[in-house]
1. For region 6-245, calculate the relative contact order in percent as a whole number, restricting contacts to Cα pairs under 8 Å that are 6 or more residues apart.
2. Give me the percent of DSSP beta bridges within the chain that run antiparallel, rounded to the nearest 5.
3. Please work out the FRET efficiency for the pair E193 and D225, using the Cβ-Cβ distance as r and a Förster radius of 25 Å; give the result to the nearest 0.05.
4. Output needed: percent of Cα pairs per 10 Å distance bin for region 63-115, bins running from 0 to the one holding the longest distance.
5. Please list 168-174, 81-87 highest first by mean number of surrounding beta-carbon atoms within 10 Å per residue.
6. Taking the Cα of M56, stepping 7 Å toward and past its beta carbon, and measuring to each backbone N in region 1-42: which are under 12 Å?
7. Would you mind computing the Rg to Rh ratio of the chain from its alpha-carbon coordinates, Kirkwood style for Rh?
8. Given K106/K199; K199/K244; K103/K244; K106/K135; K103/K135; K196/K234, which pairs have Cα atoms separated by over 25 Å?
Amino acid sequence: MKKQIDINCDMGESYGRYQIGNDGAIMPYITSCNIACGFHGGDPVTIERTIDLALMHEVRIGAHPGYPDLQGFGRREMAMNDAELSSAIKYQVAAIKSLTESKGGKLSYVKPHGALYNKMAKEPHTAIVVINAIKSIDLNLSIMGLAHSVVESIASEANMPFIAEGFLDRRYLNRTKLLPRNRPNAVINDSQECIKQLKLMLNGNLTTTEGIVDVSIESYCIHGDNPSCIALLKSIHAFIHEEKNN
């Protein structure tokens with residue numbers, strides 16, 4: 001295991017009096033963070049604190065924009081026309097980018113959140129709108145999306161670097177679709193199961209409900225709102241450390 005394994009996590013999703021995840025405990029165990037932009041989670045103070053944590057731990061910073069859906073945590077698909085969606089993405093990405101740069105940091109990529117992420121993975125037009133909106137803010141940004149989804153080809157056509165993502169705490173229907181959260185065992189909470197999934201992915205394989213398929217992944221996600229997040233990340237960290245020393 002010569003190359004660094006990029007572990008990313010959705011962060012900064014608390015807002016007001018509502019606490020989601022534990023950013024301070026999570027940050028030492030990840031290498032990339034996807035910071036909520038205030039629409040599905042996050043508020044100005046939380047966002048700024050999360051950026052500070054990322055800079056302190058030298059963690060790569062990404063913006064995590066979603067639908068304007070605080071009540072549904074961005075996991076409900078919303079009907080938005082192209083202009084509405086484009087403006088929403090620009091607004092969110094620009095906020096994270098400006099706050100990050102004001103602290104001497106750099107915004108490296110964008111990872112859409114929840115229902116928007118899933119819609120982009122299956123609907124090219126939505127992916128085009130979001131990618132064009134991101135490019136209008138900064139041509140140097142990459143986009144993180146579901147490995148082997150249509151987002152990869154759309155990003156390539158737009159000359160935008162694509163970061164292929166795999167989920168360590170979620171199960172898959174097939175190579176380009178996650179098992180819905182309302183299905184039994186859709187979320188992985190067991191550390192050994194999580195490590196097993198990571199090992200498969202590192203070897204270019206993925207277990208789905210349709211069987212084992214080939215997959216190529218650059219960044220591995222653990223959800224910050226998963227109650228088992230910290231335990232999973234500690235196990236992953238220990239596994240990576242052990243493998244590097246063998």
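Throughout, read-outs are computed from the coordinates displayed, never taken from laboratory work. Treat the numbers as computed from the prediction; the structure is a model and nothing was measured. Positions of Cβ are backbone-derived with ideal geometry, glycine not excepted, and every protein chain shown enters the neighbour counts.
1. On the way: 482 pairs, mean separation 43.3, N = 240.
Relative contact order of region 6-245: 18 percent.
2. 25 percent
3. On the way: r = 18 Å, r/R0 = 0.73.
It comes out at approximately 0.85.
4. Per 10 Å bin, starting at zero, the Cα-Cα P(r) for region 63-115 comes out as 24, 49, 23, 4 percent.
5. Details: 168-174: 18.7, 81-87: 13.1.
My ranking of the peptides, most packed first, is 168-174, 81-87.
6. 23-28, by backbone N distance to the label point.
7. Working: Rg = 16.8 Å, Rh = 18.0 Å.
With Rh from the inverse mean 1/r over Cα pairs, Rg/Rh is 0.94.
8. Details: K106/K199 31 Å; K199/K244 14 Å; K103/K244 33 Å; K106/K135 16 Å; K103/K135 22 Å; K196/K234 15 Å.
Violating the 25 Å limit, Cα to Cα: K106/K199; K103/K244.
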